[in-house]
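Student: Before anything else, here's the structure in question.
Coordinate-derived values only; no laboratory data. Here the structure is a predicted model, which is why all the values come from computation and not from measurement. Cβ sites come from the backbone with ideal geometry, for glycine too, and all protein chains shown count toward neighbours.
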Amino acid sequence: NFDSYRGAIPYVRIFNGTIEPGMTAQFMSTGKLREITEVGHFVLKRVPAKRLETGDVGYIVAGLKEIKELQVGDTITTKENPAHKVLPGYKEMKPMIFSGLFPIVSDDYERLRDSIEKLQLNDASLAYEPETSTALGYGFRCGFLGMLHMDIVRERLEREFDLNLITTVPSVRYEILKTNSDIIEIDNPTKLPLAGEVEEIHEPYVAAEIISPSEYMGGLMKLCQNKRGTFVNTHYFSEQRVQLKYELPFSEIVFDFYDKLKSVSRGYASFDYEHIGFRPGPMKKLDILISGDAVDALSIITDRDSAYSKGRELCKSLKEVIPRQMFEVVIQAAIGSKIIARETVRPFKKNVTAKCYGGDITRKRKLWAKQKEGKKRMKQIGKVEVPQEAFLALFKVDQGK
């Protein structure tokens, strides 16, 4: 818990020895030393006590003003009677999907950092690191356990800390086998090395288990096949109930797989999965260019077969949300240097010949040529502001797949 006056307050269980006010606490993960000013128990609220002994569950006030000094699962000992090793059994949660959180108002960056730190005190599975985007400015790349976890964290940040945020499209972790045999892991498409340095891209796979009434088996199998699933086996519990086992790319079930599963089975199917490692796949990086400039926050990694359809749909969606300018705005989807889709936002057009009443056509042509040159210069120096709705277009493309 975090108290504005007392700082971060860890909740603890005493495995050995006693802790009293006046002792010096040592946090073994960071090595920090802090004087203990109060200890106590929980009886619906915090109740101060003289000491905490073996077997007690309580809290420690040690004036931890910086949240980074305290980690969930840390082993706390005392300077007076130090422990020699960390307590076993605590396993750090590993994030499964990653998304960027950026404040709409750039001045809220420090508030966002403090808010995420406070939220991490009671959510040990939340991971974050600073990130910079040319389109969105300064923000954080956050790791979550799943889409529901991401929605809850974003909702809490907006409601409890009064922040307005832009969320980029979630991605999973990929393993990259480079041409020099090095293997690296990336959680952001912008970190993908150049095409000439990549030998293979390995994507995470899950072993999926679906239990459903047998009458919906055909629709469920079609859904899994559309998500690039590999059939494993079928097991009938009875004539009315069947178990399907598939191996699916994790990136295909992140967005809307569960919703479509419930829709196909009318809510009767259940879904469970576990991770089974990484496998090579025909993955490509899809870039979005607006007026010739790549927007890093809109880049995604997708399979080669669906890259064309995703690029085309994304360009169409962006055309609807990017406002018209006084010059032509070109939206392109590209894989490497190859353009695979294009849409154009038409410019506003002023009627420069309105003042001409009759007369020779050459005068009108001269005005049109002058207008064309002006728009050409404006296109070279003009900038297109990407609205928040453009990032939501990525979600719509995946949901419509």
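Student: From the convex hull of the Cα coordinates of the stretch 199-280, what is the mean projected area in square nanometres?
Tutor: 5.2 nm²
Student: Summing Lys, Arg as +1 and Asp, Glu as -1, what charge do residues with Cβ under 12 Å from the Cβ of Phe42 carry, Phe42 excluded?
Tutor: Here the charged neighbours net out to +2.
Student: Right, something else. Tally Lys and Arg at +1 and Asp and Glu at -1 over the other residues with C-beta under 10 Å from the C-beta of Thr168: what net charge comes out?
Tutor: Charge balance near Thr168 sits at -1.
Student: In addition: Could you list which residues have their amide H under 5 Å from that of Met28, counting only those 5 or more apart in sequence or on another chain, with H placed in the peptide plane?
Tutor: For Met28, the qualifying residues are Thr75, Thr77.
Student: Shape verdict for the stretch 160-318, please, from the Cα gyration tensor: rounded (a/c under 1.5), prolate (a/b greater than b/c) or oblate.
Tutor: Because a/c hits 1.5 or more and a/b exceeds b/c, the stretch 160-318 counts as prolate.
Student: With a 10 Å cut-off between alpha carbons and a GNM built on the chain, which of Ser29, Ser291, Ser238 moves the most?
Tutor: Looking only at Ser29, Ser291, Ser238, the biggest GNM fluctuation is shown by Ser238.
Student: By the gyration tensor of its Cα atoms, with a ≥ b ≥ c the square roots of the eigenvalues, what is the shape of the chain: rounded for a/c under 1.5, prolate for a/b over b/c, or oblate?
Tutor: Oblate is the answer for the chain, as a/c is 1.5 or above yet b/c matches or exceeds a/b.
Student: Could you point to the residue in Ala207, Asn81, Val61 farthest towards the positive end of the chain's charge dipole, with +1 and -1 charges on the Cβ of Lys/Arg and Asp/Glu respectively?
Tutor: Farthest towards the positive end: Ala207.
Student: Return the long-range amide H neighbours of Gly40 (sequence gap of 5 or more, or a different chain), with a cut-off of under 5 Å between placed amide H atoms.
Tutor: Ala49, Tyr59
Student: Dividing the convex hull volume of the alpha carbon atoms of the stretch 2-78 by its residue count, what do you get in Å³ per residue?
Tutor: In the stretch 2-78, the Cα convex hull volume per residue is 85 Å³.
Student: Please list, by residue number, every one of the GluC sites (Glu not before Pro) in the stretch 233-295 that is coil in DSSP and has at most 14 other beta-carbon atoms within 10 Å.
Tutor: Values: sites: Glu239, Glu247, Glu252, Glu274; in loops: Glu239.
Counting only loop positions with at most 14 other Cβ atoms within 10 Å, the GluC sites (Glu not before Pro) in the stretch 233-295 are Glu239.
Student: Per residue of the stretch 336-342, what does 6.51 cos²θ - 1.76 cosθ + 1.60 with θ = phi - 60° give for ³J(HN,Hα)? Whole Hz please, x for Gly and Pro, Karplus curve as stated.
Tutor: x, 9, 9, 7, 10, 7, 8
Student: Using helices alone, I'd like the mean residue ellipticity at 222 nm for the chain: each DSSP H run of four-plus residues gives -39500 (n - 2.57), total over residue count, nearest 500.
Tutor: -7500 deg cm²/dmol
Student: Give, as a single signed number, the net charge of other residues whose beta carbon lies under 13 Å from the beta carbon of Lys222, with Lys and Arg counted +1 and Asp and Glu -1.
Tutor: Every neighbour counted, the sum reads +3.
Student: How many percent of all Cα-Cα pairs in the stretch 97-168 sit more than 14 Å apart?
Tutor: Taking all Cα-Cα pairs of the stretch 97-168, the fraction more than 14 Å apart is 53 percent.
Student: Show the residues, 5+ positions off or on another chain, whose built amide H is closer than 5 Å to the amide H of Glu131.
Tutor: Amide H neighbours of Glu131: Gly139, Phe140, Arg141.
Student: Decide, for the stretch 74-122, between rounded, prolate and oblate: order the square roots of the alpha carbon gyration tensor eigenvalues as a ≥ b ≥ c, take rounded if a/c falls under 1.5, and otherwise choose prolate if a/b is larger than b/c, else oblate.
Tutor: Details: a/c = 5.43, a/b = 2.02, b/c = 2.69.
Since a/c reaches 1.5 but b/c is at least a/b, the shape of the stretch 74-122 is classed as oblate.
Student: Could you tell me the ratio Rg/Rh of the stretch 102-142? Both radii from Cα atoms, Rh via Kirkwood.
Tutor: Details: Rg = 10.5 Å, Rh = 10.6 Å.
Checking Rg against Rh, the ratio lands at 0.99.
Student: Averaging over all projection directions, find the projected area of the Cα convex hull of the stretch 121-243 and quote it in nm² with one decimal place.
Tutor: If you wrap the Cα atoms of the stretch 121-243 in a convex hull and average its projections, you get 12.1 nm².
Student: Just the Cα atoms of the stretch 51-157, one point each, no solvent: what log10 I(q)/I(0) does Debye give at q = 0.18 Å⁻¹?
Tutor: With no solvent term, the Cα-only Debye profile gives -0.99.
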